[in-house]
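Worksheet: one structure, shown below.
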Amino acid sequence: MVTTEKDIKWKKACKTENVPENGGACVLLEEEQVAVFNFTSKNEWYATQNLCPHKMQMILSRGIIGTTQEEPKVACPFHKKTFSLKSGECLSGDDYSIKVYPIKIEDGFVYVLI
């Protein structure tokens with residue numbers, strides 16, 4: 001299936017107040033679980049797939065966020081594999097990666113580009 005520009009849309013994910021400060025929440029968009037992160041200490045928002053590719057668990061929204069050498073990251077709460085919130089690259093040295101999505105905040109709502 002070929003994705004066309006008209007298939008790519010900003011989707012309203014949730015209210016900003018529904019995502020904990022310096023934490024994450026899971027939303028269902030286009031039949032996919034998306035983890036939305038409110039990195040309050042950096043005044044930044046991120047969106048990734050919720051599926052941790054290490055053990056194939058839907059858990060990243062419950063992960064611990066932080067930084068490694070100024071790179072924002074999320075650590076899987078089960079096995080501590082860490083992923084860049086910007087690129088999706090695994091920062092633990094493993095051959096895994098996660099999808100990342102553009103995100104924007106407007107009028108108190110979180111939008112994710114799917």
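The values are calculated or read from the model by the stated rules, or taken from the named source; none is laboratory data. All values derive from a computational prediction rather than experimental measurement. Note: ideal-geometry Cβ built from the backbone for every residue, glycine included; neighbour counts use all protein chains shown.
Can you tell which of Lys81, Lys73, Lys99 is in contact with a strand residue (DSSP E or B) (Cβ under 8 Å, 6 or more places away or on another chain) and farther than 29 Å from Lys15 by Cβ? Steps first, answer last, please.
Values: Lys73 fails: farther than 29 Å from Lys15 by Cβ; Lys99 fails: farther than 29 Å from Lys15 by Cβ.
Of the residues listed, the single one that is in contact with a strand residue (DSSP E or B) (Cβ under 8 Å, 6 or more places away or on another chain) and farther than 29 Å from Lys15 by Cβ is Lys81.
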### Summary
Over segment 59-73, the set of residues among the hydrophobic types (A, V, I, L, M, F, W, C) and part of a loop (DSSP other than H, G, I, E, B) is Ile59
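Does segment 49-60 include one or more residues that are under 15 Å from Ile105 (Cβ atoms) and of a type outside the set (Lys, Arg)?
Taking segment 49-60 as the starting set, the residues that turn out to be under 15 Å from Ile105 (Cβ atoms) are none.
No, there is no match, as no residue in segment 49-60 is under 15 Å from Ile105 (Cβ atoms) and of a type outside the set (Lys, Arg).
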### Message
Pull out all pairs, ordered by first then second residue, where Cβ-Cβ is under 8 Å, the residues are six or more apart or on different chains, the first lies in segment 90-101 and is free of Cβ contacts under 8 Å to residues at least 40 places away in the same chain, and the second is in a loop (DSSP other than H, G, I, E, B) and surrounded by fewer than 18 Cβ atoms within 10 Å (Cβ to Cβ).
### Response
Cys90/Tyr96; Ser92/Lys80
#### Entry: Leading residue by the ranking (farthest from the chain's Cα centre (by Cα)) among those in segment 72-85 that are among the charged types (D, E, K, R) and closer than 14 Å to Thr48 by Cβ
Lys81
### Task
Kindly check whether there is at least one residue in segment 83-91 that is more than 15 Å from Gly24 (Cα to Cα) and either at pLDDT below 95 or polar (S, T, N, Q) (or both).
yes
### Query
When residues of segment 74-114 are filtered for being at positive phi and either surrounded by fewer than 14 Cβ atoms within 10 Å (Cβ to Cβ) or not in a loop (DSSP other than H, G, I, E, B) (or both), how many remain?
4
### Message
Looking at segment 20-35, I want the residues that are touching a residue at least 60 places away in the same chain (Cβ under 8 Å) and have a partner that is outside any strand (DSSP E or B) and of a type in the set (S, T, N, Q) with Cβ atoms under 9 Å, at least 6 apart or on another chain. Which pairs are those?
### Response
Val27/Asn18; Val27/Asn50; Val27/Ser61; Glu32/Asn50; Val34/Asn50; Val34/Ser61
### Task
Under 9 Å between Cβ atoms, at least 6 apart or on separate chains: pull out the pairs that start in segment 45-66 with a residue that is farther than 20 Å from Asn18 by Cα and touching a residue at least 40 places away in the same chain (Cβ under 8 Å) and end on any residue that is of a type in the set (Gly, Ala, Ser) and surrounded by fewer than 20 Cβ atoms within 10 Å (Cβ to Cβ).
Pro53/Ser97; His54/Ser92
### Query
So, of the residues in segment 49-58 that are part of a loop (DSSP other than H, G, I, E, B) and surrounded by 15 or more Cβ atoms within 10 Å (Cβ to Cβ), which turns out to be farthest from the chain's Cα centre (by Cα)?
His54
